[in-house]
Amino acid sequence: MTATANTAPPRDTGKGLALPGLIVGLLTGFAAYGIAEFWIDGRDENALGITALFFTTTAAAAYLLLAERGAFLKAIGGAVFIAALLAPSDFFMARVAGADTNNLAEFPTLFWFFISRGLAAYLLVTLIKAGMTSGAPPAYAHVFFHGLTMPLIAGGAKLFAALALVLLFAWARLLKELDVNFFNDLFQEPWFLLPFLGAIGGLSIALMRGLQSVLGALQYVLLLLCRILMIITAVFTVTLLLVIALKGVALVFDRPYPSAWMMGLSLVGMLIFNGVYQNGEGGPPPLWLRIPTLITLIGFPVYTLIAFYAFWIRIDDYGLTPPRIAGLAVNGLIAAYSVVCFAGLATELNWRGKKWMPLVGSLNTVMAALWVLVLVTLASPLANPWAISAKSQYALIAGERIAIDEFDFGYMRFKLGKYGDRALEKMLTLDDHPEIEAIRAGVKRARSSKNYWEYQNVDLEPAPENDGGG
């Protein structure tokens with residue numbers, strides 16, 4: 001079956017998944033307890049255990065989202081593939097951060113485990129689910145449907161699980177007030193709590209997939225909201241572009257984190273646009289919605305260029321850091337989406353075409369895969385943010401691009417780990433540098449400090465000791 005042969009809107013009934021969801025969730029909970037208790041707990045080197053824990057939970061959740069009645073085995077391959085693709089990045093981040101916790105910037109680890117990992121998993125589940133229902137390559141109608149449905153299922157499942165947990169502890173508390181302490185003690189045991197949460201989570205996913213009327217209503221509300229927000233977004237885009245044209249981009253740069261604001265506007269605009277575009281199967285929307293959508297698309301490349309310029313200024317002055325590396329990568333993805341926007345705008349030359357922006361759907365699917373590739377690479381040795389930052393900071397000094405009294409040697413020592421230490425050692429060999437003595441003094445100060453706070457506050461007077469006098 002090819003993608004073009006099955007572009008009708010898919011269905012996700014979730015029938016027959018209640019018992020498998022309960023069993024898979026329960027087994028996953030027991031596995032998580034075993035890994036945490038007998039593998040991770042008490043070990044100094046636990047990167048492999050953490051990777052195994054994430055692999056198990058990711059594979060189980062992906063399986064429950066991919067499985068269909070009568071095709072339970074078919075989903076196993078996709079679930080294992082998703083977990084295996086994310087595992088190397090899990091291991092790298094856990095190993096690097098765990099080996100030098102006190103001397104590494106936390107941003108790359110937090111960004112992976114709390115933001116980009118979940119986003120990559122969501123996109124992978126969406127693409128694989130669409131491929132299972134429409135064939136390869138996946139039809140965009142299926143990609144859009146599952147991309148819209150998966151967050152609703154996951155959010156509802158988390159809500160069910162949270163409510164079950166609250167009720168469980170409320171019941172235990174009530175029994176404790178009646179001098180029955182057994183259940184209160186039992187519910188706090190990890191060997192009971194983790195399997196319980198796994199079982200409730202698995203069952204909740206199955207139940208949410210079965211609530212088609214509720215999911216349909218939520219989808220309708222979200223898509224209607226996107227149409228309303230598109231009008232507001234277009235007005236904001238016109239206003240902001242006029243202000244920038246009249247007063248210049250300095251107005252943006254005078255505010256803190258200009259690149260983050262520009263990227264945020266682009267990402268919100270992308271979501272709203274896709275909510276208006278929907279599955280790409282329909283014709284053009286009404287004129288009152290079509291014109292604001294085109295205006296919003298024009299703003300994307302402008303926001304991207306402003307964000308790149310803001311990054312360039314900071315990097316030229318102060319070099320790369322892990323947050324700037326991640327920001328550049330995300331802004332690069334946003335810039336790539338400008339290609340999708342231009343493709344859509346180009347098709348508007350055929351104003352009376354039966355399908356609206358026909359190229360956008362297929363390009364959206366490619367963009368989803370590109371997001372996965374970039375996010376996974378960012379959390380791998382191929383794009384080690386600490387090593388890249390250390391090299392960039394060293395280049396500032398070696399290239400005489402920054403005054404020594406403005407350079408943060410402490411950041412190298414306490415935020416870039418062993419990579420920063422190597423760069424500091426390398427700085428000591430810059431005998432031809434006109435400020436080599438100041439460099440050596442800065443390195444010495446960083447190495448003699450016990451932590452980053454002490455390095456930053458070396459000139460502060462120590463707090464007076466209390467002599468006990470009245």
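Among the residues of region 375-390, those that are crowded, with 19+ Cβ neighbours inside 10 Å and either assigned to a helix (DSSP H, G or I) or free of Cβ contacts under 8 Å to residues at least 60 places away in the same chain (or both) comprise Leu375, Val376, Leu378, Pro385, Trp386, Ser389, Ala390. Only a single item in (1) surrounded by fewer than 18 Cβ atoms within 10 Å (Cβ to Cβ); (2) over 18 Å from Pro256 (Cβ atoms) is not met by Ile325, and it is number (1). One residue alone among Gly275, Gly327, Gly319, Gly248 is under 30 Å from Gly353 (Cα atoms) and of a type in the set (Gly, Ala, Ser), and that residue is Gly275.
One residue alone among Leu163, Leu152, Leu148 is at pLDDT 85 or above, assigned to a helix (DSSP H, G or I) and loosely packed, with under 13 Cβ neighbours inside 10 Å, and that residue is Leu163.
Scanning region 48-79 for residues that are touching an Asp or Glu at 6+ places or on another chain (Cβ under 9 Å) and at pLDDT below 90 gives Glu68, Lys74.
Within this structure, Tyr337 fails the test of being buried (at least 18 other Cβ atoms within 10 Å of the Cβ), over 23 Å from the mean Cα position of the chain (by Cα) and not small (Gly, Ala, Ser). Just to be sure, is Gly283 farther than 30 Å from Ala383 by Cβ and surrounded by fewer than 16 Cβ atoms within 10 Å (Cβ to Cβ)? Yes; evaluated as a whole, the condition is true for this residue.
Report yes if Glu37 is over 29 Å from Ile153 (Cβ atoms) and assigned to a helix (DSSP H, G or I), otherwise no. Judged against the criteria, Glu37 is a match. Scanning region 99-107 for any residue that is under 30 Å from Asn384 (Cβ atoms), within 16 Å of the chain's Cα centre (by Cα) and surrounded by 17 or more Cβ atoms within 10 Å (Cβ to Cβ) turns up at least one such residue. Taking the condition closer than 16 Å to Pro108 by Cα, within 26 Å of the chain's Cα centre (by Cα) and part of a helix (DSSP H, G or I), does Arg314 pass? Judged against the criteria, Arg314 is not a match. In summary, helices (runs of 4 or more DSSP H) completely within region 411-463 and bearing 1 or more residues that are surrounded by 14 or more Cβ atoms within 10 Å (Cβ to Cβ), free of Cβ contacts under 8 Å to residues at least 40 places away in the same chain and in contact with a Gly (Cβ under 8 Å, 6 or more places away or on another chain) occur at 436-448. Of Ile200, Ile231, Ile205, all but one fail to be touching a residue at least 60 places away in the same chain (Cβ under 8 Å), in a helix (DSSP H, G or I), over 25 Å from Pro20 (Cβ atoms) and not small (Gly, Ala, Ser); the exception is Ile231.
The values are calculated or read from the model by the stated rules, or taken from the named source; none is laboratory data. Keep in mind it's a predicted model, so treat the numbers as computed, not measured. All Cβ positions, glycine included, derive from the backbone under ideal geometry; neighbour counts span all protein chains shown.
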